[in-house]
Amino acid sequence: MHPSTRLIHAAGTHAPTARTISPAISRGSTVLFDSHADFIKAGRGEYDGITYGTDRLPQQRILEEALRVLENAALTRVYPSGISAISETLLAFVRAGDEILVCDNAYGPTIRFCTEVLGKLGVQSRIIPPDTGADITDHLRPQTRLIFLESPGSLSFEIQDVPAITTIARQRGIVTILDNTWATPLYLNPFALGVDVSIQSVTKYISGHSDVLMGSVSTNGAHAETLARAYAGREIYASPEDCQLTLRGLKTLPLRMKEHQASALVVAQALVDHPLVERVLHPALPSHPQHALWRRDFTGSSGLFAFTFKKEYPDSALGRFVDSLELFGIGYSWGGFMSLVTTGRPKREFAGPLSGKTLVRLNIGLEDPADLLADLNTGLARLEDS
């Protein structure tokens, strides 16, 4: 054989795989079949193996199975970001003429996708209060096909009465979706509360290291085929490298969540007594408006919460406070090992007492909470002097 042929088919191309603790990463577009018979089966949809690079390479399948087990789900698929997981799921379950109800505290891009993108496709979206429960019946119409929940919301932290909503929805054949990123499957089991579809922004706690963009969608048995068919038709897959990083982070999720929970509670409880702070928005605190629902449905809390001030400060003063913090990075997202801070003023339809108030949102990372508190107290002292 000529050199070019020998190089392509050289011995060692099909080297045996090593049984390492972490599975090896598979990359590729073309996936070889063992026989022509397998190739024919794949064309008929009768082949159980992997057919192409977009057909969920081994790393993605391993991650999906790990998340499926964690979620107690019938099926899980992962996507290249949280919002892609959300948008692909919504596309899978609605069609022109349908109506979606979306809780007012849902992730901003979720609401924008519903109103701006789905609206162009003939799907109407209506925003409902973030603390909705059995009163969901007040918002239902004959064309309502889906209810999108986020409990708690990741900015203002309202909790819905999820079992009350899912009971009514199931009686009427309405699909329920819950963005469960704040609690993770460790601290909330959506399927036990009657939810049909559970969504995670894997970018946050699941990966845990602020170096991955990914989302996951898990369903119960009744809706598994709908998700599987929609996924196969769109091929919005996650990269093998990101799946590998997520599998690494997943191994330490229980340990990290314990630390996030404990440290956030220390910081939140201390802020309750600070003279400048009006309200701490943390579901695990008795002062939270839906604390009783949190105690009933959740088994723990995460490291994300917010607080408001007793008086409103100009952006210049807020800037001095935020910029003075040494241990809190200023940046979007959350769920990673480093503490973060952002500020904002809700401009929502159902913001209620939070309307126009400055929300300071804290992602409590894995630093020592005493150090984080000292840093916050120093920054708040500067704010008090402004």
Q. Of all the C-alpha pairs in the range 109-244, what % are more than 24 Å from each other?
A. 33 percent
Q: First obtain the Kirkwood hydrodynamic radius of the range 218-341 from its Cα pairs, then insert it into the Stokes-Einstein equation at 10 °C and 1.306 mPa s, and state the resulting D in µm² per second as a whole number.
A: 88 µm²/s
Q.
Less than 27 Å apart at the alpha-carbon level, and either on another chain or at least 8 residues along: which lysines does that give for K310?
A. K347, K357
Q: Using per-residue counts of other Cβ atoms within 10 Å, averaged over each peptide, order 276-283, 27-34 from highest down.
A: 276-283, 27-34
Q: Identify, among L213, G133, L63, the residue whose Cα sits farthest towards the positive end of the charge dipole of the chain, taking +1 on the Cβ of Lys and Arg and -1 on the Cβ of Asp and Glu, with the dipole about the Cα centre.
A: L63
Q) If R0 is 25 Å, what FRET efficiency do you get for H291 and E384 from their C-beta distance, rounded to 0.05? A) 0.30
Q. Where the only charges are on Cβ atoms (+1 Lys, Arg; -1 Asp, Glu), what is the dipole of the range 101-253 about its Cα centre, to the nearest 20 debye?
A. 380 debye
Q. Out of P314, Q200, Y237, whose Cα points farthest toward the positive end of the dipole of the chain (charges: +1 Lys, Arg; -1 Asp, Glu; placed on Cβ)?
A. Y237
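Whenever you get a sec, compute what percent of the accessible area on the chain sits on carbon and sulfur atoms (1.4 Å probe).
Carbon-and-sulfur percentage of accessible area, whole number: 54.
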Q) If the cut-off is 14 Å between C-alpha atoms, which aspartates and glutamates fall inside it for K258, apart from same-chain ones fewer than 8 positions away? A) E367, D368
Q | Cα-derived Rg over Rh, computed across the range 164-281 with Rh taken as Kirkwood radius | A | 1.06
(Q) Quick check: Cα centre of the range 324-364 to Cα centre of the range 181-207, how many Å? (A) 21 Å
Q | Distant-in-sequence amide H partners of M338 (H built 1.01 Å from N, under 5 Å) | A | L366
Q) By how many nm would the segment from I21 to Y332 grow when fully extended, if each residue of separation counts as 0.36 nm and the alpha-carbon distance is taken off? A) 108.7 nm
Q) Which value, in Å² and to the nearest 10, is the accessible area of R345 when all protein chains are kept and the probe is 1.4 Å? A) 100 Å²
Q | Mean accessible surface per residue for the chain, computed with a 1.4 Å probe while every protein chain stays in place, in Å² | A | 47 Å²
Q | Under the Karplus curve 6.51 cos²θ - 1.76 cosθ + 1.60, θ = phi - 60°, whole-Hz ³J(HN,Hα) for the range 102-117, x wherever Gly or Pro sits | A | 10, 5, 5, 9, 5, 3, x, x, 5, 5, 5, 5, 5, 7, 8, 8
Q: Could you list the residues of the range 46-87 with an amide nitrogen less than 19 Å from a label point located 7 Å from the Cα of A232 in the Cα-to-C-beta direction?
A: 46-58, 60-62, 64-65, 74-79
Q) Using 1/(1 + (r/R0)^6) with R0 = 35 angstrom and r between the beta carbons of D138 and A370, what's the FRET efficiency to the nearest 0.05? A) 0.15
**Q.** nm² value of the averaged projected area, convex hull over the Cα atoms of the range 46-153
**A.** 8.9 nm²
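Counting pairs of alpha carbon atoms under 8 Å apart in space and at least six apart in sequence, what relative contact order in percent does the chain give?
16 percent
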Q: Calculate for the chain the 222 nm mean residue ellipticity that helices alone would give, adding -39,500 (n - 2.57) per DSSP H run of length 4 or more and normalising by residue count, nearest 500 deg cm²/dmol.
A: -10500 deg cm²/dmol
Q | Extension gain from S355 to R95, taking 0.36 nm per residue of separation minus the Cα-Cα distance | A | 90.2 nm
Q. For the range 36-176, with the dipole built from +1 on Lys and Arg beta-carbon atoms and -1 on Asp and Glu ones, taken about the Cα centre, which of A42, P80, P163 lies farthest toward the positive end?
A. A42
Q. Given a Förster radius of 22 Å and the C-beta distance between V277 and R126 as r, what FRET efficiency does 1/(1 + (r/R0)^6) yield to the nearest 0.05?
A. 0.05
Q | For the chain, the fraction of alpha-carbon pairs in successive 10 Å shells from zero, as % | A | 5, 22, 29, 23, 13, 6, 3, 1, 0
Q | Computed Kirkwood radius, in angstrom, where 1/r is averaged over Cα pairs of the range 51-99 | A | 12.4 Å
**Q.** Dipole magnitude of the chain, debye to nearest 20 (Cβ charges: Lys/Arg +1, Asp/Glu -1, about Cα centre)
**A.** 680 debye
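The values are calculated or read from the model by the stated rules, or taken from the named source; none is laboratory data. Keep in mind it's a predicted model, so treat the numbers as computed, not measured. All Cβ positions, glycine included, derive from the backbone under ideal geometry; neighbour counts span all protein chains shown. Each accessible area value is taken on the protein alone, full model and side chains, heavy atoms only, with ligands, DNA and RNA left out. Shrake-Rupley method; radii C 1.70, N 1.55, O 1.52, S 1.80 Å.
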